[in-house]
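Participant: What follows is a structure written as structure tokens; I'll ask about it next.
The values are calculated or read from the model by the stated rules, or taken from the named source; none is laboratory data. What you see is a predicted model; the values in this text were computed from it and never measured. Cβ placement follows ideal geometry from the backbone for every residue including glycine, while neighbour counts extend to all protein chains displayed.
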Amino acid sequence: MNIHEYQAKELFEKFGVATPAGKVAATAEEAGAAAREIGGTGLVVKAQVHAGGRGKGTFKNGFKGGVHVINTAEEAQDIAGKMLGQTLVTHQTGPEGKLVSKVLIAKSVDIVKELYFAILFDRSKSAHSIIASTEGGMNIEEVAEKTPEKITKVPVHPTMGLQPYQCRKIAAALGLKGPLINQAVKLFSSLWNLYSKSDCSLVEVNPLAVTTDGQVVALDAKFNFDDNALYRQKEVTAMRDTSEEDPREVAASDFGLNYIGLDGNIA
């Protein structure tokens, strides 16, 4: 099961993961109100769909970009009005695109450095692992292929969990120094707490940003959850958006079945 970016922010806030302030909106008016509530200039409006490449995507109504930086509540309302109820096409959605029913209004930050941090279950080793890289904002598979030396992997003990010394090791590998190390250790520990207590199979923060005012914050995240553990994760289950899923998979799940659609035309 996947969740939207605004829902990921809600989990970040619940578990104490540093992230810029944000509000979700389902109408243009709500978007304007959210921008006023967050306050200041330098805000970003993000279309909420289960797909990457939103910034370079195009709506079927001709409007370009599912991510826009704005400075006023009026701009937020205007941009949201052009996104909501429209279909966004990205390199991950396919030509059919995805309908945008919500937008996220978030505080924009000035970034000094973009990093990558993920916690996942490594099936090849039957263990939880941390993957971190100095090359944030990029496809981690490309980094692994072209510059594998820029990736740090740390195994996590199944019962002891992620330890402070491991967090410091990761922070150092990412080139963080001074007060940034302590911030990173706290953030990594909070992410592990979120991952383990929410029955995640993946928490990917890309980018993990260092800001001009000396903060380490999680900007964007991707979550996957263990479907077999959702029965004990009522809050997470309530976040499910079936409109973003293959209708065949949704129908199968109603009967406790797993269904994976394949391409082809075999009758």
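Participant: For the range 70-77, state whether one or more residues are free of Cβ contacts under 8 Å to residues at least 60 places away in the same chain and under 13 Å from the mean Cα position of the chain (by Cα).
Facilitator: Keep residues of the range 70-77 that are free of Cβ contacts under 8 Å to residues at least 60 places away in the same chain, which gives 70-77.
After this cut, where a residue has to be under 13 Å from the mean Cα position of the chain (by Cα) as well, the list is none.
Within the range 70-77, none of the residues are free of Cβ contacts under 8 Å to residues at least 60 places away in the same chain and under 13 Å from the mean Cα position of the chain (by Cα).
Participant: For the range 25-46, enumerate the residues that are surrounded by fewer than 21 Cβ atoms within 10 Å (Cβ to Cβ), part of a helix (DSSP H, G or I) and free of Cβ contacts under 8 Å to residues at least 60 places away in the same chain.
Facilitator: Once the filter is applied, which keeps residues that are surrounded by fewer than 21 Cβ atoms within 10 Å (Cβ to Cβ), part of a helix (DSSP H, G or I) and free of Cβ contacts under 8 Å to residues at least 60 places away in the same chain, the range 25-46 yields Ala28, Glu29, Glu30, Ala33, Arg36, Glu37.
Residues are listed down the side, and each one gets a yes or a no for (1) at pLDDT 95 or above; (2) part of a helix (DSSP H, G or I); (3) of a type outside the set (Val, Ile, Thr); (4) crowded, with 17+ Cβ neighbours inside 10 Å:
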| residue | (1), (2), (3), (4) |
| --- | --- |
| Lys23 | yes, no, yes, yes |
| Gly53 | no, no, yes, no |
| Gln77 | yes, yes, yes, yes |
| Gly85 | yes, no, yes, no |
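Participant: Just checking, how many residues over the range 235-260 are charged (D, E, K, R), part of a loop (DSSP other than H, G, I, E, B) and surrounded by 12 or more Cβ atoms within 10 Å (Cβ to Cβ)?
Facilitator: So the count comes out to 4.
Participant: Test Arg248 against the stated conditions and say whether it is basic (Lys, Arg), in contact (Cβ under 8 Å) with a residue 60 or more places away in the chain and not assigned by TED's automatic domain parsing to the domain that holds Ala132. Spell out how you get there, then give the answer.
Facilitator: Numbers: basic (Lys, Arg): yes; in contact (Cβ under 8 Å) with a residue 60 or more places away in the chain: no; not assigned by TED's automatic domain parsing to the domain that holds Ala132: yes.
So Arg248 fails the test.
Participant: Let me ask something else about it. Mind listing whichever residues of the range 59-75 are of a type outside the set (A, V, I, L, M, F, W, C), farther than 14 Å from Leu104 by Cα and not in a loop (DSSP other than H, G, I, E, B)?
Facilitator: Of everything in the range 59-75, those that are of a type outside the set (A, V, I, L, M, F, W, C), farther than 14 Å from Leu104 by Cα and not in a loop (DSSP other than H, G, I, E, B) turn out to be Lys64, Glu74.
Participant: Does Gly85 qualify as being among the small types (Gly, Ala, Ser), over 28 Å from Met1 (Cα atoms) and in contact with a strand residue (DSSP E or B) (Cβ under 8 Å, 6 or more places away or on another chain)?
Facilitator: In short, no.
Participant: Let me ask something additional. Criterion first (among the hydroxyl-bearing types (Ser, Thr, Tyr) and without any contact (Cβ under 8 Å) to a residue 60 or more places away in the chain) does Ser126 satisfy it?
Facilitator: yes
Participant: Does the range 87-111 hold any residues that are in contact (Cβ under 8 Å) with a residue 60 or more places away in the chain, surrounded by 19 or more Cβ atoms within 10 Å (Cβ to Cβ) and in a strand (DSSP E or B), and which are they?
Facilitator: Residues satisfying the conditions are Lys98, Val103, Leu104, Ile105, Ala106.
Participant: Same structure, new question: Kindly establish whether Lys64 is farther than 22 Å from Val210 by Cβ, in contact with a Gly (Cβ under 9 Å, 6 or more places away or on another chain), among the basic types (Lys, Arg) and free of Cβ contacts under 8 Å to residues at least 60 places away in the same chain.
Facilitator: Judged against the criteria, Lys64 is a match.
Participant: Select, from Ser201, Ser196, the only residue that is over 17 Å from Thr134 (Cα atoms), of a type in the set (Gly, Ala, Ser) and either in contact with a helix residue (DSSP H, G or I) (Cβ under 9 Å, 6 or more places away or on another chain) or in a strand (DSSP E or B) (or both).
Facilitator: One residue alone meets the criteria, Ser201.
Participant: Right, Val49: touching a helix residue (DSSP H, G or I) at 6+ places or on another chain (Cβ under 6 Å) and either part of a loop (DSSP other than H, G, I, E, B) or of a type in the set (Ser, Thr, Tyr) (or both) or not?
Facilitator: no
Participant: Every residue in the range 122-162 that is touching a Lys or Arg at 6+ places or on another chain (Cβ under 6 Å) and assigned to a loop (DSSP other than H, G, I, E, B), please.
Facilitator: Thr134, Glu135
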